[in-house]
1. Cross-chain or 8 or more residues apart, Cα under 24 Å: how many lysine pairs in the chain fit that? Count them up, please.
2. Measuring with a 1.4 Å probe in the full set of protein chains, what accessible area per residue, in whole Å², belongs to region 66-159?
3. What FRET efficiency would be calculated for the residue pair E168, S246, taking the C-beta separation as r and a Förster radius of 22 Å, to the nearest 0.05?
4. Classify region 1-156: rounded, prolate or oblate, from the alpha-carbon gyration tensor (a ≥ b ≥ c, eigenvalue square roots; a/c under 1.5 rounded; otherwise prolate if a/b is larger than b/c)?
5. Where nothing but the Cβ of Lys and Arg (+1) and of Asp and Glu (-1) is charged, how large is the charge dipole of region 182-239 around its Cα centre, in debye to the nearest 20?
6. Local charge sum around I107 (other residues, Cβ-Cβ under 9 Å, Lys/Arg +1, Asp/Glu -1)?
7. Separation of region 44-81 and region 92-141 by C-alpha centroid, Å?
8. Can you give me the long-range amide H partners of I107? Hydrogens built in the peptide plane at 1.01 Å from N, cutoff under 5 Å, separation of 5 or more residues or another chain.
Amino acid sequence: MMPLILQSDFGQCDGAVSAMYGVAYTVDPKLPIYDLTHFIPPYDVWEGSCRLVQTLAYWPAGSVFVSVVDPGVGSSRLSVVAKTNTGHYVVTPDNGTLTHVAIEYGIDELREIDESVNRLPGSGESYTFHGRDIYAFTGARLATGHISFEEVGPSLDPKQVVTLPTMEPYIEGNQAFGTIDTHDVRYGSLWTNVPRELFLKLGVKFGDYVRVHIESDRGDVYSSPLRYCRAFSDASIGEALLYTNSLDNMAIAINRGSFAKAYSVGQGVQWKVTFTYPLNDAPLA
């Protein structure tokens, strides 16, 4: 038996998450169930994709994730189970939720859920709660070994999985380019998709100043030299800094403050970041 990890945009102000737990426990009351988060912003498939890639690899291979951020529930979008190259399973609508997992870890196999078999009995006329009726039920059956991966349903081409638009980070001259994929929500740090190893090809060392330029599809938002710090304690309280986050990507923060709120910075492929080193100007005082 493997862990079942649930993610959704349901919040916890009603019984939706509890209903998913209940369905999973009807499959096997000993099933270990855990929450990734249920506070994905409503309908935000991109954020759901980011939270999956933040978490998935830290669970044992064979763990089953159920991710339900499903604005198209009841439509023609497919219900799938992906097996990643790391040996994890993700049960989800095929609507872009697998974008970052596919980029970071790769999808080894993909199967469409056969709803004639893998659906909560008696729920066939319900079209708006697939998280309970299909995903939690199928995920629990897979995690407990009631079904094998092959019994999920027909095989699909992993290359056909639905993905959201992304931008691959790159270096050109003395600049590294990427996007602000998401935020460290509670603290307001900006998490970019620029890997530390790519960033360091610029020749940056701890203590150096790097010009950080942020823009969106509406224009420039921020541009200033920031110091590359090992930890937040290397910066003064209220000082903005550049650091490596827990995913080994470059991130931007204010020590004991929210960079996202201070500069009204969002997330997604439309939010571009550029790191320039060495500087053509002196650090700001």
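1. Details: K30/K83; K83/K159; K201/K272; K205/K272; K261/K272.
For the chain, the number of qualifying lysine pairs is 5.
2. On the way: 3670 Å² over 94 residues.
Per-residue accessible area for region 66-159 comes out at 39 Å².
3. On the way: r = 21 Å, r/R0 = 0.97.
According to the calculation, E is roughly 0.55.
4. Details: a/c = 1.20, a/b = 1.08, b/c = 1.11.
Since a/c stays below 1.5, the shape of region 1-156 is classed as rounded.
5. Details: 8 positive and 8 negative charges, 39 e Å.
Dipole magnitude for region 182-239 comes out near 180 debye.
6. Numbers: positive: K83, K159; negative: D108, E109.
Residues near I107 contribute 0 overall.
7. That distance is 9 Å.
8. Amide H neighbours of I107, under 5 Å, 5+ apart: N85.
The values are calculated or read from the model by the stated rules, or taken from the named source; none is laboratory data. Computed from a prediction, not measured in an experiment: that's the story for all the values here. Cβ coordinates were reconstructed from backbone atoms using ideal geometry, including for glycine residues, and neighbour counts include every protein chain displayed. When the accessible area is computed, the model is the full protein with side chains, heavy atoms only, and any ligands, DNA or RNA have been set aside. Shrake-Rupley method; radii C 1.70, N 1.55, O 1.52, S 1.80 Å.
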